[in-house]
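Worksheet: the structure to be examined is printed underneath.
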Amino acid sequence: LTRALGGEPATLNPRFAEDNAALALMQDLYEGLTAEAADGSIVPGAAATWSVSDDGRTWTFRLRENLRWSNGTPLTAAQYVAGLDAARAEDSQAPYSALLQDVTSTRATDSRTVVLEMARAVTYLPAVLALPVAAPQHLAASADVPVIGNGPYRLLARRPGEKIELERNPHYHSAGSVAIEHVTYLTLE
């Protein structure tokens, strides 16, 4: 599949994506705890389930079993916590960090459970966690692997001003449901 992306994405870092080209790529390369369905509803992403306390201030997200990065290494709740903490840090330059302002603490209670404590009840939190700001932090990324994601596709090649090539991520939890094997985005101005 070949698609026109429009302009060159300003970044492939999900934490700093805000232009339309970068946001389109983030949906292919990364998956938050939740995801947005085609109809706009919030559905499970990396988290298979979630629950909220009666007072609306404690959210618990249970990750799917055997989540993997696009390079095959395990993806853990601690990596989501690290990503959320980086995005909500006081010195964060993440454009959507203000959406996490009510998060008072994050913790991984085990390898598959993320718990968020809130200053107040925030009913829209699952929608926020579908945004790139909630992408996990890959703690072992190396310089020779420019993008290690956890979404349905992985980066094959990037030629700035020309194209970005993706292929189906065989380590994605629902790889069998990803119908398109290869995607080429043309970065046309």
Qualifying residues in region 51-94 (those that are modelled with pLDDT under 95 and of a type in the set (Asp, Glu)) - the one most open to solvent (accessible area, probe 1.4 Å): Glu90
Let me confirm something: among Leu5, Leu33, which residue is surrounded by 15 or more Cβ atoms within 10 Å (Cβ to Cβ) and in contact with a Lys or Arg (Cβ under 9 Å, 6 or more places away or on another chain)? Leu5
Can you list residue pairs whose Cβ atoms sit under 8 Å apart, with the first residue in region 163-189 being assigned to a helix (DSSP H, G or I) and the second being open to solvent by 30 Å² or more (accessible area, probe 1.4 Å)? Count only pairs 6 or more apart in sequence or on different chains. Ala175/Arg168
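With of a type in the set (A, V, I, L, M, F, W, C), in a loop (DSSP other than H, G, I, E, B) and within 21 Å of Arg88 (Cβ to Cβ) as the only criterion, which of Ala38, Ala17 stands out? Break it down stepwise before answering.
Details: Ala38 fails: within 21 Å of Arg88 (Cβ to Cβ).
Selected residue: Ala17, the only one of Ala38, Ala17 that is of a type in the set (A, V, I, L, M, F, W, C), in a loop (DSSP other than H, G, I, E, B) and within 21 Å of Arg88 (Cβ to Cβ).
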Somewhere in region 104-120, is a residue open to solvent by 20 Å² or more (accessible area, probe 1.4 Å), free of Cβ contacts under 8 Å to residues at least 24 places away in the same chain and under 17 Å from the mean Cα position of the chain (by Cα)? no
Of the residues in region 109-130, those that are small (Gly, Ala, Ser) and in contact with a strand residue (DSSP E or B) (Cβ under 6 Å, 6 or more places away or on another chain) number 3
Any residue at all in region 152-159 that's buried (at least 19 other Cβ atoms within 10 Å of the Cβ), modelled with pLDDT of 95 or more and part of a loop (DSSP other than H, G, I, E, B)? yes
Hey, Glu8 hits all of (1) touching a residue at least 24 places away in the same chain (Cβ under 8 Å); (2) of a type in the set (D, E, K, R); (3) more than 29 Å from Glu189 (Cβ to Cβ) but one; which does it fall short on? (3)
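The values are calculated or read from the model by the stated rules, or taken from the named source; none is laboratory data. Here the structure is a predicted model, which is why all the values come from computation and not from measurement. Here the Cβ is made from the backbone with ideal geometry for all residues, glycine too, and neighbour counts use every protein chain on show. We work out accessible area using only protein heavy atoms, side chains counted, and drop any ligands, DNA or RNA first. Shrake-Rupley method; radii C 1.70, N 1.55, O 1.52, S 1.80 Å.
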